[in-house]
Every structure is written in structure tokens, then in C-alpha cells.
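Working notes, structure below.
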Ligand SMILES: CC(C)(COP(=O)(O)OP(=O)(O)OC[C@H]1O[C@@H](n2cnc3c(N)ncnc32)[C@H](O)[C@@H]1OP(=O)(O)O)[C@@H](O)C(=O)NCCC(=O)NCCS
């Protein structure tokens, strides 16, 4: 039986264009600035984004940083973006804050977790979310040892459904009227997807290509 963890594992992941760092309270101003600039796109699918102020962003970061059930990363562009592709870890520094990616509902005993994400609107459509999520999936099925990762998206959320397809998730069902969106009468359905360890083995070569590296985690941060 693995030792009981007081909080979820926190590792830094580096891909060929991005750095994923566990979110810390000191990151709250950067996260808030990205949310504030991306509100019109985010609020349609993520109710929290409609009104969230900086102190609520800070409270979310504090809560998840202490939690056993959430691994939440901030996603930054690498300071050497635009140079020749490749993963050079030593001198790589985070530059622009590009979004947030989380593995929620992490249960180490059941070996399951659920993916969630958003991207800064000015960086949408560049493949960043797929690249960052590929790194998280390589780590989650690798050193973390999960057996299953799930993800959900509304049927009308074409960008999120495309990310999910590019990552190699398998559609499993429809959760009807799963979410209330403030200001709208109709509730949103969610399409449910899953990736098992077997699915991950098939998807792995494509995930490595998206991410630019087979082991995006830093060696010192192995779990
Ligand atoms: C969903 C989201 C995270 C995607 O981030 P991203 O970094 O732009 O994703 P990627 O660039 O990796 O991939 C997006 C894909 O969707 C496609 N896409 C974007 N808008 C689309 C649309 N309206 N219709 C069809 N495809 C669309 C893009 O062309 C791209 O596919 P491609 O690589 O085949 O060209 C981003 O749109 C977002 O933050 N949305 C609001 C929050 C949200 O919905 N979060 C997820 C909740 S489930």
C-alpha cells in the first residue's frame, strides 16, 4: 500500500513550448490577469470565470495547493519561445501566463483523476492546451501510476471536444443537464470521456509528439 499523501503530488513539467508549474499563492495576480482578459471566452463554459476576483483566485489556489485531490498547474510560455525547438531544462524560465490545467478528483487508491483546463484567449488555437494536457497525461499514467483519467465537455464546446479528440480520449456517455450556467435557463449537458491505461498506451506516441518529450517531468520531482 503506498504511503498516505497529505496533498496531491506537485511536479514541474516542461514541454517544447511550455512550462507547467504547480500553482502557488504568489501566482494569483498572473492567473487573475489572464482570467480577466479572457472572460468572454471562458464564462461561456466555466461559470467561475464570470465574476471571479483576484482574492477568489487566491483562495482557489490556496485550497487546491493544500488538497489531496487536486494537482493544479499554471501554464507559462517558455522564455526561450521562438528559439530552435527542443527541451533544454536548465535555463528555461516561465514568461507569459497562458492558462491553467488541473487534475481533479485525484484518488490514489482508485488511481483515477479528471482533467480540466482553460487557455488565455490571446494564446488559443496554438495547440497549447493539447501540448500541456499531453504532458500531464504522460506524467499521470507514468510516475503517478493512474489507471484512468476522465474529462467532460459540453456538446457545443467544439474547441474542448477537439482537444479531447486530439489527446485520444474515448467517448463514454452523456450526462444530461449536468451544469447550470449563470444567466441562462437551460442547463448544459456534458459529454463524458475516459482514457484507460490501455488507451494511453495506444495514445502515447502521439502524446509524446504533441509534448515534444517523452518524460516532461523534472527528475527531482519524481513520485
Ligand atoms: C477549450 C480550450 C481550453 C482549448 O484551448 P486551445 O489551447 O485553443 O486548444 P488547442 O489549440 O490545443 O486545440 C483547439 C482545437 O480546437 C479547434 N477549434 C477551436 N475553436 C473551434 C470551433 N469553434 N469549432 C471547431 N474547432 C475549433 C482548433 O482549430 C484546434 O484544433 P486543430 O488543432 O485541429 O486545429 C479553450 O478554447 C478555452 O479555454 N475555452 C474556454 C474554457 C473551456 O471551455 N474549458 C474547457 C471546459 S471542458
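All of the numbers you see were taken from the coordinates with simple rules; none came from a lab. Since the model is a prediction, treat every value here as computed from it, not as a measurement. Note that each Cβ is placed from the backbone with ideal geometry, even for glycine, and that neighbours are counted across all protein chains shown.
Data for the structure
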read-out: Per-bin percent of Cα-Cα distances, the range 40-195 [5 Å]; value: 2, 8, 15, 20, 21, 19, 10, 4, 2, 0, 0
read-out: Segment residue 214-residue 171, extension gain: residue separation times 0.36 nm, minus the distance between their alpha carbons; value: 13.0 nm
read-out: Neighbour-count order for 181, 19, fewest beta carbons within 10 angstrom listed first; value: 181, 19
read-out: Residue exposure sequence - 199, 107 - by fewest surrounding Cβ within 10 Å; value: 107, 199
read-out: Computed helical MRE - 222 nm, the chain, DSSP H runs ≥ 4 contributing -39500 (n - 2.57), nearest 500; value: -10000 deg cm²/dmol
read-out: Ranked 193, 169, criterion: other C-beta atoms within 10 Å, fewest first; value: 193, 169
